[in-house]
Structure formats: C-alpha cells, structure tokens
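The structure under discussion appears below in the form of structure tokens.
The values are calculated or read from the model by the stated rules, or taken from the named source; none is laboratory data. For clarity, every value in this text was computed on a predicted model and none was experimentally measured. Neighbour counts run over all protein chains shown; Cβ positions are idealised from the backbone, glycine included. For the accessible areas, the whole protein counts, side chains as well, though only heavy atoms, and no ligand, DNA or RNA atoms are used. Shrake-Rupley method; radii C 1.70, N 1.55, O 1.52, S 1.80 Å.
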Amino acid sequence: MEQSTELSLTIAQIVQRLKGSHLHSQIERQAKECLHQPDIKLESLKEDVRSFLKTSGWERKLQNAVYRELQLPPSHPAAPPEHLKEPLAYMRKAQASWEKRVLKSLNSMSTELGVPLARMRPAVEQKELTNKWNEMGTDEPDLSRFRPVYAPKDFLEVLISLRNPNHDSSEDISARSHWGLIQVPLNVRDIPQLRQAYSELNLTTGQLGIDDHAHVHPDLFENDYVQIGKKVVADQDSAAAQQYSRQGCPTGLRAELWALILNSTNQPPDVMHYEQLKAGVIQHDLLVDNLIYKDVKLTASNDDYYFVFEDFLYQVLLCFSRDTAVLEHFKYNSATPPKSYIQGKVGEEECAVVYPPNVAPLCFLYNEPSKLYSVFREMYIRYFFRLHSISSSPSGIVSLCLQFERLLQTHLPQLFYHLRQIGAQPLRIAFKWMVRAFSGYLSTDQLLLLWDRILGYDSLEVVAVLAAAVFAFRAENLMEVTSLASAEAVLADLSTLKVMPLIQIFLFATAI
C-alpha cells in the first residue's frame, strides 16, 4: 500500500512539473491541431490522438521528459524543504557556514578593490562587448588585483573538520576507520557492491576505451557497437542512450547521445533563452566575471587541449552565472543561491557561480554556443554541483572522499599506512582530481570516456573509483617515496593514463 501511495505521489509531482513546461504547451497545441484531421474520429478520440502523437514523435519526447524527471532526487510532500535539500542537520549547518565564508571573501574583495558586485554597463561598453563577443579571448584585462575566492585545499579542510555530533566514533568496528581524513559515518559501497552495481564494466564485456578485447576482435566489436549506437540515436530514447553509455560512446555519436541522456533538445526556446542570458551579460557587469576571466586565463588558455575554446568558455560561464533557471536545482542541493550578489535593480544575478565548473571538455562535442550551454547546464545541475557543495548524497564530494579512502584502506592498506606515516595523506593529493571530475588532469579522450560512465550510471561514484585505481597503478613507486612532495611528483602527470583498463582492473581483478 505504501509503495502504491509513493508511486501516486511521484506521478503527481512529475505531472505538476511538466505542466508548466514548453513541451507541455507544444503537445497540447499539437493535440488540438490534430482534431481537424479527417482520420480522427469522435468515437475513438483518445486512441486516435494518442496514435497521432506517437507517430509524430511527441510521445517519445514526453517519455524522455518523464525519464529526466525521474533522475532527480525523490521528494515527499510531507517532508520539510530543508530535508529535500539535505536530510542531515550537521551537513546543512556546515554548508551554510561554508557559504558565509565564501560570500564574506567575495564581499571583502568588493570593498577592498572598490568594485561593485554588480553594475549596469555604460552604452559604449555594451556596444564594445557585443562586437567582440566571439573573440573575448583576445582581451588582456589586468586581473592581478582579483584573487580566487577559495582554493580546493580550503574546501577540503572544511570537509576534514566535519563531524556528526550524534555519532560516537569509538563504536567503529575497525581502527582503520580513523586512518582517513574524512570522519563522518556515511554508507559508501565497497568493491563487492561496486562490482554488482557496475557489472557492465567487467573484464569480459566489450568497452570503448580499451584497445584489446580478448573475447572479440576490436574492430568487429566497435563496428557493431557503433551501429547499435546509431539506432539508439535514431529512436531518440533517453533510457536506452543512458544504458548504452555504460560501455562508452563512440566519438561520432557522443554529442547526440549525451544530449539525449540529458534530454537537452536545443529547441528555439532554448536558443532564445541563451540569447537572453547573453543580453544579460552585455547589459550588466558582475564582480565574478573577473574571477571567471582569471580562472579561464590561468587554466584553459594555457592548456594544449582547451586554449582554442577560450571564447566558448567565456560565453558559457558568463551566461551560466546569470541563469535563474539554475535556481531550480537548489531545491535538492544543500547549497543556497547567493542572493547578496544583487545590487539595485539588477535581477539576473541571483545565481552567480564562484567556482567555475567543468565546461571545457564539452567544447570538443558541441560547436553551437546554445547547444553547448544547454548540455553544460544539465551536466552541472545533475552532477557537477555535487562536487562543490557539502551533502550526504552518494554522489556528493563528502561521500566520494570517504569512498576513496575506504577503497585504499581496504585494498591497499600497506600503501595507505605508508603514505599516512610520511605525511602524504592520499586524499590531499586526489582531492583536486575529484573536485574537478578529473577535468584538466586526463587527456581529453580519456576524460570523455570517464564522463560517459558518469552519465551511463547516473552517478559520480566512478570518479572515486578511478582516483583509487590511479594510486593502485602507481603503488610500487609510491611505496618508495619519503615525503608528500615526492608522492605528488609520482602522481603529477595523469595525461598518459587509460581510464577504462584502470577502473576494470581495480574493480574486477583486485582480490577481495
């Protein structure tokens, strides 16, 4: 009975959310128009209209929209809003404290530099920005006064200090639980559970991203696999695309498959929304625009892979910092939108992003700014936001850190203890990889193969698994190091690593 009630509530919530969507109005208009068709009969009206919508592709679009809604965290109408954001009070408190610290840093910078948090651009400046919109990378503004609001290590220190006031750590069964830096009692999966959850990644299943397939000729596997992928794209089925992505996406189909999984359609309203955001960037200048400029200049523009996309990065991140549609994800995000960014009548800046998320790799897939933007926004509000906020979610950064440490403690205890003894706690090295989902550390083709699996399994868990697998791969060298600096040197360059063999061997060839 409870399950039936829960299902009814879920259906009601999805119906309510879809009612206000552009898709709903499109389907409604199509249904009304089809009433004038001669083959629509009054006595079989319901069936005829449904048949029309099915043959014209609208039923599939509705299925994909429903599937997207089902990917969002479940909610109960009786539960308080803060429980949907984050059920554990101490996590909510820690996130609120972290936000205050970040905002204080931003406000202090604004006061010290005499730069307003938001201002209307003069007409001359607006015209100038409009003219150079597609070549913003040629600008060389003086950004020396602007400092990062926070670094990954600052965020890590906050996570290390997390404690559940209701949990007695002396009750922990194993003394090893005290070896790690993360000391919160969250349930994370061990290798047997991961093997079950990620069964498609086993050693006998063909994978894109592995050069040799012992059981099948590589070319034969890839050709057949590409044909299946083309059919998935032709069918426009989000659920099938997500399942397919678990074994990797062929390069020529990845853009379409990801957009399908995320239900990112890039319809005229999406293009219009992007143009409105662009107008907001041109009209108003934010202090965080300078931080975005600086971040891109220091990272992507110095990167051999990403420097060619510098203009795209500015466009997407500047628009993202003004997108009020992103506010919807704060209902299930432990974070709160930073309202204090707004000054005067500037209404678009309700959701400025302080820590520019991982957009650069997507530039390889999409050459239209509106399409790139649409997919990036979906990636962020579904996955990447969890890497920058404190929560108990299994895909949240706290759980990923804890899982990484547990995997090493359980399966590489000697290495873990050795590194700990010389003051080189593994998490202090791996955190920067995980907080960026390995963007900027792996070669682009390998990063995209990793992200295929994030979308395929609808989870960031594989990021923690890969981080542990990297340590396992370099274990022999790491056992020889005598300091944090030498451990970091061993792990400094990940650009030659092959993601899928590492994950497969760690999960399925590790003794339990």
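Considering only residues of the range 365-381 that are part of a loop (DSSP other than H, G, I, E, B) and surrounded by fewer than 21 Cβ atoms within 10 Å (Cβ to Cβ), which is nearest to the chain's Cα centre (by Cα)?
Here is the first cut: in the range 365-381, the ones part of a loop (DSSP other than H, G, I, E, B) are 365-368.
Next, from what is left, pick out any that are surrounded by fewer than 21 Cβ atoms within 10 Å (Cβ to Cβ): 365, 367-368.
Values: 365: 16, 367: 20, 368: 20 Å.
Ranking the qualifying residues of the range 365-381, first place goes to 365.
Is at least one residue of the range 120-127 modelled with pLDDT of 90 or more, in a loop (DSSP other than H, G, I, E, B) and not small (Gly, Ala, Ser)?
Looking only at the range 120-127, we keep the residues that are modelled with pLDDT of 90 or more, and these are 120-127.
Now narrow it down to the ones that are in a loop (DSSP other than H, G, I, E, B): 121-122.
Those still in the list that are not small (Gly, Ala, Ser) too: 121-122.
Within the range 120-127, one or more residues are modelled with pLDDT of 90 or more, in a loop (DSSP other than H, G, I, E, B) and not small (Gly, Ala, Ser).
If you scan the range 256-280, which residues turn out to be at pLDDT below 90 and of a type in the set (Val, Ile, Thr)?
Correct list: 265 only.
Restricting to the range 475-512, give me the number of residues that are assigned to a loop (DSSP other than H, G, I, E, B) and under 25 Å from the mean Cα position of the chain (by Cα). Spell out the reasoning first.
First pass over the range 475-512, keeping only residues assigned to a loop (DSSP other than H, G, I, E, B): 479-483, 491-498, 509-512.
Then keep just the ones that are under 25 Å from the mean Cα position of the chain (by Cα); that gives 491-498.
The number of residues fulfilling the criteria is 8.
Could you please let me know if residue 441 is open to solvent by 10 Å² or more (accessible area, probe 1.4 Å), among the aromatic types (Phe, Trp, Tyr) and under 22 Å from residue 306 (Cβ atoms)? Spell out the reasoning first.
Working: open to solvent by 10 Å² or more (accessible area, probe 1.4 Å): yes; among the aromatic types (Phe, Trp, Tyr): yes; under 22 Å from residue 306 (Cβ atoms): yes.
Yes: the conditions hold for residue 441.
Go through 82, 112, 140 for me and flag whichever is closer than 17 Å to residue 296 by Cβ and surrounded by fewer than 14 Cβ atoms within 10 Å (Cβ to Cβ). Break it down stepwise before answering.
Working: 82 fails: closer than 17 Å to residue 296 by Cβ; 112 fails: closer than 17 Å to residue 296 by Cβ.
Exactly one of 82, 112, 140 is closer than 17 Å to residue 296 by Cβ and surrounded by fewer than 14 Cβ atoms within 10 Å (Cβ to Cβ), namely 140.
Read through the list (1) touching a Ser or Thr at 6+ places or on another chain (Cβ under 6 Å); (2) over 30 Å from residue 265 (Cα atoms), then give the number of the only condition that residue 392 fails.
For residue 392, the failing item is (1).
What number of residues within the range 164-193 are under 29 Å from residue 505 (Cα atoms) and either at pLDDT below 85 or in contact with a helix residue (DSSP H, G or I) (Cβ under 6 Å, 6 or more places away or on another chain) (or both)? Step through it out loud before you land on a result.
Step one: of the range 164-193, the residues under 29 Å from residue 505 (Cα atoms) are 173-193.
The next check asks that each one be either at pLDDT below 85 or in contact with a helix residue (DSSP H, G or I) (Cβ under 6 Å, 6 or more places away or on another chain) (or both); those that pass are 173-182, 186, 188.
So the count comes out to 12.
Quick check on the range 382-398: of everything there that is touching a helix residue (DSSP H, G or I) at 6+ places or on another chain (Cβ under 8 Å) and assigned to a helix (DSSP H, G or I), which residue is nearest to residue 455 (Cα to Cα)? Write out each step before concluding.
Start the filter on the range 382-398 by keeping residues that are touching a helix residue (DSSP H, G or I) at 6+ places or on another chain (Cβ under 8 Å), which leaves 382-383, 385-398.
Okay, now just the ones that are also assigned to a helix (DSSP H, G or I), so 382, 385-387, 397-398.
Working: 382: 10, 385: 14, 386: 14, 387: 15, 397: 17, 398: 20 Å.
Looking at the filtered set, the residue picked out is 382.
Residue check: is residue 248 surrounded by 16 or more Cβ atoms within 10 Å (Cβ to Cβ), modelled with pLDDT of 85 or more and farther than 23 Å from residue 323 by Cβ?
Spelling it out, residue 248 is indeed surrounded by 16 or more Cβ atoms within 10 Å (Cβ to Cβ), modelled with pLDDT of 85 or more and farther than 23 Å from residue 323 by Cβ.
Exposed (fewer than 15 other Cβ atoms within 10 Å of the Cβ), part of a helix (DSSP H, G or I) and in the same structural domain as residue 132 (by the TED database): is that true of residue 276 in this structure?
Details: exposed (fewer than 15 other Cβ atoms within 10 Å of the Cβ): yes; part of a helix (DSSP H, G or I): yes; in the same structural domain as residue 132 (by the TED database): yes.
Judged against the criteria, residue 276 is a match.
With respect to residue 399, determine if the residue is touching a residue at least 24 places away in the same chain (Cβ under 8 Å), touching a Ser or Thr at 6+ places or on another chain (Cβ under 9 Å) and surrounded by fewer than 23 Cβ atoms within 10 Å (Cβ to Cβ). Give the steps one after another, and end with the answer.
Working: touching a residue at least 24 places away in the same chain (Cβ under 8 Å): yes; touching a Ser or Thr at 6+ places or on another chain (Cβ under 9 Å): yes; surrounded by fewer than 23 Cβ atoms within 10 Å (Cβ to Cβ): no.
Answer is no for this residue.
Is it the case that some residue within the range 222-230 is over 23 Å from residue 438 (Cβ atoms), crowded, with 17+ Cβ neighbours inside 10 Å, outside the structural domain of residue 105 (by the TED database) and at pLDDT 80 or above? If you could, list the steps in order and put the result at the bottom.
So the first thing to find is which residues in the range 222-230 are over 23 Å from residue 438 (Cβ atoms), and the list is 222-230.
Retained after the next criterion (residues that are crowded, with 17+ Cβ neighbours inside 10 Å): 225, 229.
Then keep just the ones that are outside the structural domain of residue 105 (by the TED database); that gives 225, 229.
Those still in the list that are at pLDDT 80 or above too: 225, 229.
Checked against the condition, which is being over 23 Å from residue 438 (Cβ atoms), crowded, with 17+ Cβ neighbours inside 10 Å, outside the structural domain of residue 105 (by the TED database) and at pLDDT 80 or above, the range 222-230 yields at least one hit.
Going through 127, 132 one at a time, which residue ends up being assigned by the TED database to the domain that holds residue 89, free of Cβ contacts under 8 Å to residues at least 60 places away in the same chain and open to solvent by less than 60 Å² (accessible area, probe 1.4 Å)? Talk me through it step by step, then tell me what you get.
On the way: 127 fails: open to solvent by less than 60 Å² (accessible area, probe 1.4 Å).
Matching residue, one of 127, 132: 132.
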